[in-house]
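A short write-up of the structure that comes next.
The values are calculated or read from the model by the stated rules, or taken from the named source; none is laboratory data. Keep in mind that this is a model prediction, so the values were computed, not measured. Backbone-built Cβ (ideal geometry, glycine too); neighbour counts: all protein chains shown.
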Amino acid sequence: MDWTLAIDRNRDALLRMLNALLAMAGGAAVMPRHLRTRIWGHLRPAEAALRRLVVVVQIVLKIEARSTGPRAAPVIVRNGEGATGTGIPAFALFDPRKRFDSRPRSRFPKAEPRIRFFDDVEIFTPRIVSSPDDPVSAERLTRRLQTLQRALADLPKQARRLARWQAKRAVERVETGKYIAPIRPGTAPGHRAHGKREVDFVLGNCHALALYALHDPPDTS
């Protein structure tokens with residue numbers, strides 16, 4: 001397999017989709033709810049595809065963590081993210097963990113009791129139903145798009161970050177017995193069983209490449 005060609009093709013596809021999402025967002029701080037939902041629906045599988053592409057790059061380039069002596073500890077946010085010094089969070093290199101709680105998530109905040117009585121006057125708090133056209137904040141979405149753009153611009157850098165994180169977690173595994181791999185078991189985040197969007201095909205390709213590289217590392221020597 002030509003790993004370099006496979007990496008380049010999937011990276012180019014992700015860049016093409018990212019440019020389309022950036023055009024849809026338009027840099028707006030506020031956008032209609034339906035538009036934000038649509039962009040999120042493409043962004044999450046694109047992020048999952050990039051994580052798998054970073055794993056492939058690390059294995060193909062044989063990037064390992066190197067000790068360079070004492071250094072300042074990075075500011076850790078969560079899920080393998082750190083500060084970049086530019087206000088843009090670092091790309092999350094690890095999949096979010098799966099939920100094994102079978103109870104459904106509540107879509108509405110619980111505010112009990114919803115019916116109260118003051119001097120025999122009944123007060124009912126109606127449930128507020130959101131509209132697809134409601135204006136909503138797009139600041140978090142914009143930062144995630146910028147994070148994806150920055151990560152796609154330098155895949156070897158992300159692979160080096162991944163190597164450092166894996167080395168750190170390998171030490172923690174000795175102490176705690178726990179280890180979290182960058183790719184979670186099962187399907188990828190954002191996976192759609194019968195998805196026909198371009199991002200669904202790219203995610204499937206990157207997921208297959210990562211699994212192949214992990215179980216049968218390529219000999220690039």
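Whether a residue is modelled with pLDDT under 95, farther than 22 Å from Asp154 by Cα and among the aliphatic types (A, V, I, L, M) was assessed, and Ala72 passes this test.
Scanning the range 194-204 for residues that are at pLDDT 95 or above and either in contact with a His (Cβ under 6 Å, 6 or more places away or on another chain) or surrounded by fewer than 12 Cβ atoms within 10 Å (Cβ to Cβ) (or both) yields one hit, Val199. For the range 47-54, check the following and say yes or no: at least one residue is outside any helix (DSSP H, G or I), at pLDDT 65 or above and more than 12 Å from the chain's Cα centre (by Cα). No: the range 47-54 contains no residue that is outside any helix (DSSP H, G or I), at pLDDT 65 or above and more than 12 Å from the chain's Cα centre (by Cα). Residues that are buried (at least 18 other Cβ atoms within 10 Å of the Cβ) and of a type outside the set (A, V, I, L, M, F, W, C) within the range 4-30 comprise Asn10, Arg11, listed in sequence order. Per the conditions (1) outside any loop (DSSP other than H, G, I, E, B); (2) buried (at least 19 other Cβ atoms within 10 Å of the Cβ), the sole criterion not satisfied by Leu211 is (2).
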